[in-house]
Amino acid sequence: MSSCVLEEETFHRCCQLLLQQSDQLRDGWSWEPVQGSQEGYLKKTVLRSAVINLDPMWDNKRASSDSGPDQQGKGKEQPVLVASVDADSNIGDINDDDYEDDGVYMVSEGCRQVLQYEYHILYSCSYSTPVLYFRVSSLDGRGLSLEEVWSSVHPNFRLRLQKSPLNAITQQEHPLLGQPFFMLHPCRTEEFMKPVLQVVQDKHRPFNYILTWLSVMGPVVGLDIPLKYASEIHLATSFSSTDPD
Amino acid sequence: MADDKDVLRDVWFGRIPTCFTLNQDETTEREAEPYYLLLPRVSYLTLVTDKVKKHFLKVMKPEDVGEMWFEYEGTPLKWHYPIGVLFDLHASNTVLPWTITVHFKNFPDRDLLHCPSNSVIEAHFMSSIKEADALKHKSQVINDMQKKDHKQLWMGLQNDKFDQFWAMNRKLMEYSTEDGGFRYIPFRIYQTMSDRPFIQKLFRPVSPEGNAHTLSDLLKEMYPAAIPNEGEQKRYQVVIHGIEPLLETPLQWLSEHLSHPDNFLHICIIPTPSD
């Protein structure tokens, strides 16, 4: 029963193993300690080109109800989309035809730009799970709004996220830094990790909870986990969630 | 079970007299009068300040109005903390009314969460309740509730309906007598002396030997400096809802009676005023 939860000690061990692999693969993860305590978090910063829709389509729909004149641009005073328990009303009508099969986001107003993504992995003692926090900024240092971040999420993921609002991206206070970050809510983590852990335990496979978890959560917000983590390293840490059998 | 109803009522109806003034740098068409309001301690700034916004918008042009935010003596106020926590943490030893400055421009992105609508407050509030129940009952109580029950908790807070809120919230306060308390106590300890916004860890209401843990036991483990050594002068005040509870108070009782509606026990540690 308790096999699905991640104890804090195990979290730290998994992080250490991930860091070792990251060093070998030059994947850029580091450990950021919190001064005066044993706590801390894994951190990685990535520059990535992404299409950000500065004037998202859902804004057009809402413009009539929410003080219209604020046309393009900052977007930070604009209404938040999901983040709420009754987000269901916002879903649905994202048109699949707007996207090509390879997932390129084909919205005309979107503009491609280089963005800095900063990812943090923290431990949540309430849920006994890891939690993914991140923030995104343009190269001139401007932080992206929740709407802009949403527009950069791959359409397939967006639909899935919006169907389960509690799994959605929300803006939250970073519990160690006290600054606003985006977060993927951890309260369903145990649920989706369960089947993976079942397989791992039945087949006695070596595995790193954090890697497996990250391979599910990361891609949603643009964080890809190189397959080499699983294939190249034969420490007792390779992960098995992608194994078909 | 929470049975000390008077305490629950006193906590719920706690108010802070507040004077809102407009930031001097805002562009106005004529001078803005200050606005006075009794703020409920257990609510959220952005949930109870519609009137404040309306009041100041009267003297401003729409194009000069961005997202509203609040500041006290240079510190941006985090709307996602309960009002009482903000007051105890930043202003507890000042003269009333509490003077808050209202801003409509230069939103401090690096310090504050955006709050574009009440549904964001609701999501934040419900997410706190869920986290608290994960700690107290492994999420069993909150997951057994229906969507309308969740709504009842939120509506109770939003509309300041004590009975409506507590009719549902009492379920979240239950525990079996053999356990003698919750699984863990949902608490947060705030202080202004470091960058870290708060301390939150696992702590049980009962010791392995079966003794009830007290506020003092919690602080000894989480923030030992808050407990004065014998013969030493008190350096810190430990404040919950504007009062300093006895350190011998059982933690389980505090959790049931002095938690905020979000089901967390918010504890502020502030330097003793040197007067």
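The values are calculated or read from the model by the stated rules, or taken from the named source; none is laboratory data. Since the model is a prediction, treat every value here as computed from it, not as a measurement. Don't worry about glycine lacking a Cβ; one is built from the backbone with ideal geometry, like all the others, and counts go over all protein chains shown. Heads up: the accessible areas ignore ligands, DNA and RNA and are worked out on the full protein's heavy atoms, side chains in. Shrake-Rupley method; radii C 1.70, N 1.55, O 1.52, S 1.80 Å.
Which residues, taken from the range B:209-227, are surrounded by fewer than 19 Cβ atoms within 10 Å (Cβ to Cβ), touching a strand residue (DSSP E or B) at 6+ places or on another chain (Cβ under 8 Å) and assigned to a loop (DSSP other than H, G, I, E, B)? Matches in the range B:209-227: B:Y223 only.
From B:I185, B:I142, grab the single residue that is more than 9 Å from chain A (Cβ to nearest Cβ) and within 25 Å of B:H90 (Cα to Cα). Steps first, please.
Details: B:I142 fails: within 25 Å of B:H90 (Cα to Cα).
Testing whether each residue is more than 9 Å from chain A (Cβ to nearest Cβ) and within 25 Å of B:H90 (Cα to Cα) leaves just B:I185.
Going by what's in this entry, would B:I129 be described as in contact with an Asp or Glu (Cβ under 7 Å, 6 or more places away or on another chain) and not assigned by TED's automatic domain parsing to the domain that holds B:V85? Spell out how you get there, then give the answer.
Working: in contact with an Asp or Glu (Cβ under 7 Å, 6 or more places away or on another chain): yes; not assigned by TED's automatic domain parsing to the domain that holds B:V85: yes.
Yes: the conditions hold for B:I129.
All of B:V42, B:V52 fail the test of being open to solvent by less than 20 Å² (accessible area, probe 1.4 Å), closer than 23 Å to B:W154 by Cα and part of a helix (DSSP H, G or I), apart from B:V52. Among all residues of the range B:95-116, there is none that is at pLDDT below 95, more than 11 Å from every other protein chain (Cβ to nearest Cβ) and open to solvent by less than 60 Å² (accessible area, probe 1.4 Å).
Would you mind stating whether B:K161 is within 11 Å of another protein chain (Cβ to nearest Cβ), free of Cβ contacts under 8 Å to residues at least 12 places away in the same chain and surrounded by fewer than 19 Cβ atoms within 10 Å (Cβ to Cβ)?
Values: within 11 Å of another protein chain (Cβ to nearest Cβ): no; free of Cβ contacts under 8 Å to residues at least 12 places away in the same chain: yes; surrounded by fewer than 19 Cβ atoms within 10 Å (Cβ to Cβ): yes.
Considered against the rule, which asks whether it is within 11 Å of another protein chain (Cβ to nearest Cβ), free of Cβ contacts under 8 Å to residues at least 12 places away in the same chain and surrounded by fewer than 19 Cβ atoms within 10 Å (Cβ to Cβ), B:K161 comes out as no.
Among the conditions (1) over 17 Å from B:D88 (Cα atoms); (2) more than 15 Å from the chain's Cα centre (by Cα); (3) in a loop (DSSP other than H, G, I, E, B), B:W253 misses just one, which is (3).
Counting only residues that are out of contact with any helix residue (DSSP H, G or I) (no Cβ under 7 Å at 6 or more places or on another chain) and not in a helix (DSSP H, G or I), the range A:131-154 holds 12 of them.
Which residue is surrounded by the fewest Cβ atoms within 10 Å (Cβ to Cβ), if the candidates are limited to the range B:198-208 and must be within 14 Å of chain A (Cβ to nearest Cβ) and without any contact (Cβ under 8 Å) to a residue 40 or more places away in the chain?
B:K201
Among B:L246, B:L153, which is farther than 30 Å from B:E73 by Cβ, hydrophobic (A, V, I, L, M, F, W, C) and within 14 Å of chain A (Cβ to nearest Cβ)?
On the way: B:L246 fails: within 14 Å of chain A (Cβ to nearest Cβ).
Going through B:L246, B:L153 in turn, the sole match is B:L153.
Candidates are the residues of the range A:174-221 that are among the aromatic types (F, W, Y) and within 11 Å of chain B (Cβ to nearest Cβ); the one that is farthest from the chain's Cα centre (by Cα) is A:F181.
All conditions but one from (1) closer than 30 Å to B:Q191 by Cβ; (2) at pLDDT 85 or above apply to A:H185; the one that does not is (2).
Of all residues assigned to the range B:88-102, none qualifies as being outside the structural domain of B:L22 (by TED's automatic domain parsing) and small (G, A, S). In the range B:187-200, is there at least one residue being at pLDDT below 95 and of a type in the set (S, T, Y)? The answer is yes; a qualifying residue exists.
Checking each residue in the range B:55-88 for being open to solvent by 40 Å² or more (accessible area, probe 1.4 Å) and either away from chain A (no Cβ under 14 Å) or in contact with a Ser or Thr (Cβ under 8 Å, 6 or more places away or on another chain) (or both) picks out B:K58, B:K61, B:P62, B:D64, B:E73, B:G74.
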